[in-house]
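Worksheet: the structure to be examined is printed underneath.
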Amino acid sequence: MELSSFKSFAFKPSFSVRKSMMFWYQSYRWFFIFFFVAVMALGGWKWYQSLYRYTWTETQKQEFLKSYAEATDFRSSRFETVIKGLDERSQKNAVVPSIEHDLFRLDAPPEKDNR
């Protein structure tokens with residue numbers, strides 16, 4: 001890379017960094033306000049488009065109806081397996097465990113297994 005290309009690059013004589021910075025300090029608030037309003041307007045327009053101006057083609061409608069019907073059909077075999085599992089769990093939880101030793105009785109310590 002040649003340095004002569006950098007030397008030939010220069011600002012216009014009428015351009016002043018000081019003047020541009022003063023312009024920025026005096027008007028940056030208006031730039032941010034304009035940017036904020038523009039982003040809000042664009043967001044509002046996209047929101048309006050997505051809510052009130054949506055369109056589906058006939059093929060998209062048919063695909064949706066087909067997938068919706070497949071997803072919501074009643075699956076009796078799966079339902080029966082879930083009910084059977086729930087019945088097994090309720091029977092297993094119906095058995096109440098009994099405590100062999102009362103922890104709060106101090107007069108009879110528990111017997112130890114010598115295994």
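The values are calculated or read from the model by the stated rules, or taken from the named source; none is laboratory data. Since this is a predicted model, take the numbers as computed values, not measurements. Every residue, glycine as well, gets a Cβ built from its backbone with ideal geometry; the counts of neighbours run over all protein chains shown.
For the range 8-55, which positions are surrounded by 10 or more Cβ atoms within 10 Å (Cβ to Cβ) and of a type in the set (K, R)? K19, K46 - these are the residues of the range 8-55 that are surrounded by 10 or more Cβ atoms within 10 Å (Cβ to Cβ) and of a type in the set (K, R).
Reported count of residues in the range 56-74, each being surrounded by fewer than 10 Cβ atoms within 10 Å (Cβ to Cβ) and either on the phi > 0 side of the Ramachandran plot or not in a helix (DSSP H, G or I) (or both), is 3.
Any idea how many residues of the range 30-55 are of a type in the set (F, W, Y), modelled with pLDDT under 90 and part of a helix (DSSP H, G or I)? Reasoning before the result, please.
Within the range 30-55, the subset of a type in the set (F, W, Y) is 30-32, 34-36, 45, 47-48, 52, 54.
Subset that is modelled with pLDDT under 90: 52, 54.
Add one more test, that the residue is part of a helix (DSSP H, G or I), and what stays is 52.
Matching residues across the range 30-55 total 1.
Q91 meets the conditions (1) surrounded by fewer than 10 Cβ atoms within 10 Å (Cβ to Cβ); (2) at pLDDT 90 or above; (3) under 38 Å from the mean Cα position of the chain (by Cα) in every case but one. The failed one is (3).
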